[in-house]
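The structure under discussion appears below in the form of structure tokens.
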Amino acid sequence: MNETTLRQWRLFLAVADTGSVAAAARQVSLTQPAVSLGLGQLEARLGERLFDRVGRGLRLNGAGRRLLPEARALLEQAARCESLFRESTLEVTLAATHTLGNYYLPPLLAAFRQRHPEATVRLEVINTRRAVERLLALDTDMALVEGPVSHRLLEVRAWRDDTLVRVASPGLAARLSGQPAARWPWVMREPGSGTRAVVEARLGEAFPPAERIMQLGAGEAVRQAVLAGAGVGYVSEVAAASALRDGRLVSLPGAGERLRRPLYLLRHRQREQSAGERALLALLLEQQSPSAAPQGSRP
């Protein structure tokens, strides 16, 4: 981890106030392993042990005692900042990959606001790899991602299906007519992206060589580059729909024209659900594909 988080400071204060990980876990509604993980991450970042173990309890050592008043002041100031702008009783943090964050989630979050006008939702749009990192660090409540994920600490649920369409601008498609796909110029997401992982897995040996790929760090950047004629790209059908209808994009027929993929809902197994998370999860599961079900962690 590159920085400390308010959650880690809250866990430090909970252990300092209660004298044990078990009591702190009850106070902050987390599991004991989750509290131990957060406290360990804070100590690793600071490069100092903050507690001495006495029997089954934990007692602040010299470093912890010096830190305690500063930590209390930090969290009090954060609480004052938050109270300036909200009186919400529901809070939820969410990480989502680009297709989900830009296309699937906005109407659902609008519906969530109508259902819970007092709620606060914080959405971070990042790639699959970073979303998993945020979950494992307990820095977000849940994540919606495009790529397959396997981790023993994560509950993985197939949420909905999405289709990737192989598209190009009409002008480029005309110039590529008759050329083998191995010679096409491509525009693709970066490694670590769920879309990139799906395309690599589905195309196998037909995946284009690196020298033919323009690599971009966001799904919308790929869509705009393909619209501008920079190359052939795989774009989510929901993102390409309007351009396909009005002719700004055309699909390139043949093997691999359409790639079906599941979208996944992820949660940390050791994290207790907050009221805000339960409320948003209920709405998301209303939109779940009928065939989707929890998959748990995969070997």
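All of the numbers you see were taken from the coordinates with simple rules; none came from a lab. Quantities reported herein were computed from a predicted structural model and do not represent experimental measurements. Because the Cβ atoms are built from the backbone with ideal geometry, glycine has one as well, and the counts that use them run over all protein chains shown.
May I ask for the angle, rounded to the nearest 10°, between helix 62-83 and the longest principal axis of the chain, with both axes built from Cα atoms and the value confined to 0 to 90°?
Its long axis makes an angle of about 60 degrees.
Using the alpha carbons of the stretch 246-290, what is the convex hull volume per residue in cubic angstrom, as a whole number? Can you show the working numbers first?
On the way: hull volume 7.7 nm³, N = 45.
It comes to 171 Å³ per residue, whole-number rounded.
Set Lys and Arg Cβ to +1 and Asp and Glu Cβ to -1, take the dipole of the stretch 178-299 about its Cα centre, and tell me which of Trp184, Gly219, Leu265 lies farthest positive.
Leu265
Which value, in debye to the nearest 20, gives the size of the charge dipole of the stretch 218-262 about its Cα centre, when Lys and Arg are +1 and Asp and Glu are -1 at the Cβ? Mind dumping the intermediate values first?
Numbers: 6 positive and 4 negative charges, 22 e Å.
Result for the stretch 218-262 is approximately 100 debye, rounded to the nearest 20.
Provide, in order from the shortest bin, the percent of all Cα-Cα pairs of the stretch 13-66 in each 5 Å bin, continuing until the bin that contains the maximum pair distance.
4, 22, 31, 28, 13, 1
Over all directions, what mean area does the Cα convex hull of the chain project, stated in square nanometres? If you can, show how the numbers build up before the last one.
Details: hull surface 75.0 nm².
Dividing the Cα hull surface by four gives the mean projection, 18.7 nm².
Measure nothing fancy, just the Cα-based angle from helix 275-286's long axis to the longest principal axis of the chain, in degrees from 0 to 90, nearest 10.
Value to nearest ten degrees: 20.
With both bridge residues required to lie in the stretch 143-261, what share of the DSSP beta bridges run antiparallel, to the nearest 5%?
Values: 10 of 15 bridges.
Percent antiparallel among DSSP bridges in the stretch 143-261 is about 65.
Report the percentage of all Cα-Cα pairs in the stretch 101-145 whose separation exceeds 18 Å, rounded to a whole percent. Intermediate results must be reported in sequence, preceding the final value.
Numbers: 349 of 990 pairs.
Percent of Cα pairs beyond 18 Å in the stretch 101-145: 35.
With everything on Cα atoms, drop me the angle between helix 32-46 and the longest principal axis of the chain, reported from 0 to 90° to the nearest 10.
In the chain, helix 32-46 runs at an angle near 90 degrees to the longest axis.
Which value at 222 nm does the chain reach when only helices count, each DSSP H run of 4 or more adding -39,500 (n - 2.57), with the total divided by all residues and rounded to the nearest 500 deg cm²/dmol?
Details: 11 runs with 126 residues, N = 299.
Helix contribution divided over all residues of the chain: -13000 deg cm²/dmol.
Applying the Karplus parametrisation 6.51 cos²θ - 1.76 cosθ + 1.60 with θ = phi - 60° to the phi angles of the stretch 217-227, what ³J(HN,Hα) value in whole Hz is obtained for each residue in order, glycine and proline being reported as x?
The phi angles translate into x, 8, x, 5, 5, 4, 4, 5, 5, 5, 4 Hz.
Indicate, rounded to the nearest 5 percent, the antiparallel portion of the DSSP beta bridges found entirely in the chain. Numbers along the way, then the final one.
Values: 27 of 41 bridges.
Bridges in the chain that DSSP calls antiparallel: roughly 65 percent.
Kindly state, as a whole number, the per residue volume in cubic angstrom of the convex hull around the alpha carbon atoms of the stretch 187-226. Don't jump to the answer; show the numbers that get you there.
Working: hull volume 2.6 nm³, N = 40.
Roughly 65 Å³ of hull volume per residue.
Mind checking the dipole of the chain: about its Cα centre, +1 per Lys or Arg Cβ, -1 per Asp or Glu Cβ, Debye to the nearest 20?
On the way: 40 positive and 30 negative charges, 82 e Å.
Its charge dipole is roughly 400 debye.
For the stretch 11-142, what number results from the quotient of the Cα radius of gyration and 2.2 N^0.38 Å?
On the way: Rg = 17.8 Å, N = 132, 2.2 N^0.38 = 14.1 Å.
Scaled against compact globular proteins, the figure is 1.26.
Calculate log10 I(q)/I(0) of the stretch 140-212 for q = 0.19, 0.22 Å⁻¹, where I(q) comes from the Debye formula with a single equal point scatterer on each Cα and nothing for solvent.
-0.92, -1.12
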